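What follows is a short report on a single structure.
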Amino acid sequence: MDELDYNTCNATFRSLTNQQALMAGEIAALLGGGADLELTSYGCGFGMFELELIARTPRETVWFQGVDTNGEAVARLRADLAALPKVRGYRLFTAGMAEVAVQRIAPTECGLFIQSLCYLGAAEGMAVLKEARNRHRRVIVAVTPSNALNAAFAEWLACRGIVRPLFAQTFAEELRRLGIGFRSVSVDAEIAVPVSETRQRLLEFLVFARHQPWRGPPDRGSLLDAVAGLGTAGAGVIRVPHPVEVFTLE
Ligand SMILES: C[S@@+](CC[C@H](N)C(=O)[O-])C[C@H]1O[C@@H](n2cnc3c(N)ncnc32)[C@H](O)[C@@H]1O
């Protein structure tokens, strides 16, 4: 992301979509009620989704374990978890999900991959997932289908040698190929970008959506045109479909 901070761009992007709220509702319902929830998130980042899930789950307490390559994000999540009375304990690793030593990850009720498996190619991603299935009673994966919105991100992955990234269609194919049973729910979320957004926030949105520095003209009009190219404009808002598929593995 070069000149812009990844976490800021992520936060701006997420503030413009209802995807996280819908996904958190869906996954909280899947997990159901009870006293305590032990959760492991692979690619937890700074826990934007995970903190919302912790707040919304009807469980009384949560024990949280997370892994992410981004040390700055992990440090931020550690501080946030420490301040939550509902969190009875936590353990965070700054590591790649394929590299973290298997024995260091504790078995928990649920293993979560929220918008993180698509950073991995099919071979590596499915190997990580198989390990996770052995370790957690339930594994939930949320990933977007590949579409116009993430085409530039897919190009970014291809430039880094990621072969067959695990977007929803490829992930479902891999599960079938390996004979892993699953149920999946499509969450029809959308992004709504007010045409009144500031130049800075439009830039942050595009940089996160495209996963690369903005190389076009930097004025507000050009940035707005680029956003409009992703969706449909009307009544002061540009709407972009932002579906996500939530898989529960059997
Ligand atoms: C879109 S963010 C999602 C973060 C968090 N799960 C959420 O939903 O708020 C994807 C995260 O995956 C992490 N990631 C990418 N490749 C990874 C890998 N190989 N191992 C661990 N984390 C990875 C990134 O650093 C980033 O924090």
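The residues of the range 60-200 expose on average 47 square angstrom of accessible surface per residue, using a 1.4 Å probe on protein heavy atoms. Full extension of the chain between ASP225 and ALA79 gives 48.7 nm of extra length, using 0.36 nm per residue less the Cα-Cα distance. Each peptide in 201-207, 240-246 receives the mean, over its residues, of other Cβ atoms within 10 Å, and ordering these scores from highest gives 201-207, 240-246. The equivalent ellipsoid that matches the C-alpha gyration tensor of the chain spans semi-axes of 30, 20, 18 angstrom, in descending order. What a 1.4 Å probe finds exposed on the chain is 53% carbon and sulfur by accessible area, rounded to a whole percent. Computed over the range 21-169, the Cα gyration tensor eigenvalues convert (square root of 5λ each) into semi-axes of 25, 17, 15 Å, ordered from largest to smallest. Relative to its residue count, the range 64-134 spans a Cα convex hull of 93 Å³ per residue. Take the Cα of LEU178, step 7 Å toward its Cβ, do the same at SER15, and the gap between the two points is 3.8 nm. What translational D, rounded to a whole number of µm²/s, comes out for the range 102-149 from Stokes-Einstein when the hydrodynamic radius is the Kirkwood one over Cα pairs, at 25 °C and 0.890 mPa s? Once the numbers are plugged in, D ends up at 211 µm²/s.
In this structure the amide hydrogen of GLY121, modeled in the peptide plane, comes within under 5 Å of the amide hydrogens of VAL163, none closer than 5 places in sequence on its chain.
Output the relative contact order of the chain, whole-number percent, from Cα pairs under 8 angstrom with separation of 6+ residues.
Relative contact order here is 23 percent.
Expressed as cubic angstrom per residue, what is the convex hull volume of the alpha carbon set of the range 138-250?
That works out to 110 Å³ per residue.
Return the percentage of antiparallel bridges among DSSP beta bridges fully within the chain, rounded to the nearest 5 %. Around 45 percent antiparallel, to the nearest 5. For the pair ASP36 and GLU250, the difference between a 0.36 nm per residue extended length and the Cα-Cα distance amounts to 74.9 nm.
The values are calculated or read from the model by the stated rules, or taken from the named source; none is laboratory data. Keep in mind the model is a prediction, meaning the values are calculated, not measured. Here the Cβ is made from the backbone with ideal geometry for all residues, glycine too, and neighbour counts use every protein chain on show. Protein only, heavy atoms only, side chains kept; ligands, DNA and RNA dropped before computing areas. Shrake-Rupley method; radii C 1.70, N 1.55, O 1.52, S 1.80 Å.
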